[in-house]
1. Every residue in region 158-189 that is over 14 Å from residue 15 (Cβ atoms) and part of a loop (DSSP other than H, G, I, E, B), please.
2. For region 246-272, how many residues are in contact (Cβ under 8 Å) with a residue 12 or more places away in the chain and in a helix (DSSP H, G or I)?
3. If I filter region 143-157 for residues that are surrounded by 22 or more Cβ atoms within 10 Å (Cβ to Cβ), within 14 Å of the chain's Cα centre (by Cα), of a type outside the set (Lys, Arg) and assigned to a strand (DSSP E or B), do I get at least one hit?
4. Could you tell me whether residue 232 is in a strand (DSSP E or B) and not hydroxyl-bearing (Ser, Thr, Tyr)?
5. Scanning for something within 30 Å of residue 153 (Cα to Cα), modelled with pLDDT of 75 or more and not aromatic (Phe, Trp, Tyr), does region 47-55 turn up at least one residue?
6. Would you please list the contacts, defined by Cβ atoms under 7 Å and residues six or more apart or on different chains, that run from a residue in region 35-57 that is more than 27 Å from residue 210 (Cα to Cα) to a residue that is among the β-branched types (Val, Ile, Thr)?
7. Take the residues of region 28-44 that are at pLDDT 85 or above and part of a loop (DSSP other than H, G, I, E, B): which is surrounded by the fewest Cβ atoms within 10 Å (Cβ to Cβ)?
8. Can you spot a residue in region 250-265 that is of a type outside the set (D, E, K, R), crowded, with 23+ Cβ neighbours inside 10 Å, within 21 Å of the chain's Cα centre (by Cα) and within 21 Å of residue 124 (Cα to Cα)?
Amino acid sequence: MSWTALRITPDANRDGVIAALFASGSQGVLEDGPSIVTHFPPEAALDDIRDGVLRADPRATVVVTSAPGADYSQWRASVSSHKVGNLTLSPPWLASELDPATTVVIDPAMAFGTGEHPTTRSVVLLMQSVIRGGDVVADLGAGSAVLSIAAAKLGASRVAAIELDHDAIENAEENVRVNGVEDRVQVIEGDASTLLPLLAPVRVILANIISSVLITMLPVIRESLSPGGQAILSGILCEESEEITSALASDGWAVERETAEDVWWTVQIAPR
């Protein structure tokens, strides 16, 4: 049986595109550099799926090809736990023997942000030298709330997981519950540029979103940090790093640490 493969390259709303694919019946997605790949059975309503993607991101490109039958049990078996510093990012079926205190459990068949993506791992790595016990943290474009949960496991006392996409909220709240951090992580639906100043001051801001949005949000991020606060930015392609570095310098930021994995660049910054 020939399945249909979709390769989507988002323009401005990656999480919204992924949410639209899951809403259309996708059982899992692969993030391949800037693109998202998924499969649908032959009877799937491709026009409706494409329309849903373009409603989420009108300038996304959608390429449709045929593919061999997709075996999602085989895909699930290929998903692994990822040890990132002192934390482990794990799917639920591999988490039973891991220490709950240092494990972030995210189901990659449901979430819009998992340990399978380099940007998630890079932020989790950098935040371990930034977050202190008792910190107040804001996670912009929280998606699955994976970074918010990690912040709580690292000792943050209060974390705001801000997500604009309504379809991601229920999943984020379920992930928070599964990880037992409801007392520290609050999932908030809305626009981060509007909500962040209302939560200020916060000591750490996490933002794993596309570079064009990061650039526009730099002033509000800076104004929302408490004295001595820091931010970690990701979702940036390595080829965009010079543009982001220039924007950071113009807006009065100092680059403290940076890391790259695959085609993705992540940076830790503080106001000068």
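The values are calculated or read from the model by the stated rules, or taken from the named source; none is laboratory data. Worth saying up front: this structure is predicted, and the values here are computed from it rather than measured. For neighbour counting, all protein chains shown are included, and Cβ atoms are generated from backbone atoms with ideal geometry for every residue, glycine included.
1. Those that are over 14 Å from residue 15 (Cβ atoms) and part of a loop (DSSP other than H, G, I, E, B): 179, 180, 181, 182, 183, 184.
2. Looking only at that region, the number is 2.
3. no
4. Yes: the conditions hold for residue 232.
5. Taking every residue of region 47-55 in turn, none turns out to be within 30 Å of residue 153 (Cα to Cα), modelled with pLDDT of 75 or more and not aromatic (Phe, Trp, Tyr).
6. Between residues of region 35-57 that are more than 27 Å from residue 210 (Cα to Cα) and residues that are among the β-branched types (Val, Ile, Thr), the close pairs are 42/4; 44/4.
7. It comes out as 43.
8. There is at least one residue in region 250-265 that is of a type outside the set (D, E, K, R), crowded, with 23+ Cβ neighbours inside 10 Å, within 21 Å of the chain's Cα centre (by Cα) and within 21 Å of residue 124 (Cα to Cα).
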